[in-house]
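The values are calculated or read from the model by the stated rules, or taken from the named source; none is laboratory data. Model, not experiment: these values are computed from the prediction. Here Cβ is always computed from backbone atoms with ideal geometry, including for glycine, and neighbour counts include all displayed protein chains. Ligands, DNA and RNA are stripped out before the accessible areas are found, and what is left, the full protein with its side chains, is counted by its heavy atoms. Shrake-Rupley method; radii C 1.70, N 1.55, O 1.52, S 1.80 Å.
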Amino acid sequence: MDLSDLKDGVFCKVMAGTHKGKKGTVHDIRTSKSGEITITVKQDDGVRFKTLGRSVEIQK
């Protein structure tokens, strides 16, 4: 996945890490001091969690 495709409101699936397998919409894209992209994912049931941008795959 190209991280330039990562935008607020796109649907994604987490492919790695603690939240692997969860799906939702991308919100609150940030870049940390170390250069890592972090995002908040909001699931359909309203639950939100934070994950790394490199851990998600954009769903069409």
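Applying 1/(1 + (r/R0)^6) with R0 = 22 Å to the Cβ-Cβ distance of Ser32 and Asp8, what FRET efficiency is obtained, to the nearest 0.05? Please list the in-between numbers first.
On the way: r = 18 Å, r/R0 = 0.81.
The value I calculate is 0.80.
Give me the 1.4 Å probe accessible area per residue for the chain, excluding ligands and nucleic acids, in Å².
68
How much accessible surface area, in Å² rounded to 10, belongs to the heavy atoms of Ile29 with a 1.4 Å probe?
Spelled out: Ile29, probe radius 1.4 Å, area about 70 Å².
What is the chain's relative contact order, in percent, from Cα pairs under 8 angstrom and six or more apart in sequence?
Working: 115 pairs, mean separation 21.5, N = 60.
Once divided by the residue count of the chain, the mean separation gives 36 percent.
Tally up the carbon and sulfur contribution to the accessible surface of the chain as a whole percent, 1.4 Å probe, everything protein left in place. Walk me through the intermediate numbers first.
Numbers: 1960 of 4070 Å².
Taking all protein chains in place, the chain shows 48 percent carbon and sulfur surface.
Less than 12 Å Cβ to Cβ from Lys60, Lys/Arg counted +1 and Asp/Glu -1: what total charge do the surrounding residues give? Walk me through the numbers on the way to the answer.
On the way: positive: Lys13; negative: Asp5, Glu57.
Summing Lys/Arg as +1 and Asp/Glu as -1 gives -1.
Report, in debye and to the nearest 20, how large the dipole of the chain comes out about its Cα centre when Lys and Arg carry +1 and Asp and Glu carry -1 on their Cβ.
Details: 12 positive and 8 negative charges, 32 e Å.
Roughly 160 debye, rounded to the nearest 20.
Summing +1 for each Lys or Arg and -1 for each Asp or Glu, what net charge is found among the other residues whose Cβ lies under 13 Å from the Cβ of Thr38? Intermediate results must be reported in sequence, preceding the final value.
Details: positive: Arg30, Lys33, Arg48, Lys50, Arg54; negative: Asp28, Glu36.
So the surrounding residues net to +3.
Ordering Asp8, Asp44 by how much accessible area each has at a 1.4 Å probe, largest first, what is the list? Let's see the in-between values first.
Values: Asp8 110, Asp44 145 Å².
Putting Asp8, Asp44 in descending order of accessible area: Asp44, Asp8.
Hey, what do the phi angles of region 43-49 turn into as Karplus ³J(HN,Hα) couplings, whole Hz, using 6.51/-1.76/1.60 and θ = phi - 60°, x for Gly and Pro?
Ordered by residue, 3J(HN,Hα) equals 7, 4, 7, x, 6, 10, 8 Hz.
Using the Cα gyration tensor of the chain, with a ≥ b ≥ c the square roots of its eigenvalues, what is the shape: rounded (a/c below 1.5), prolate (a/b larger than b/c) or oblate (neither)? Let's see the in-between values first.
Working: a/c = 1.43, a/b = 1.34, b/c = 1.07.
Rounded shape, in that the Cα axes give a/c under 1.5.
Put a dot 7 Å past each Cα toward the Cβ at Met15 and Asp44; how far apart are the dots in nm?
If labels sit at Asp44 and Met15, their model points lie 2.2 nm apart.
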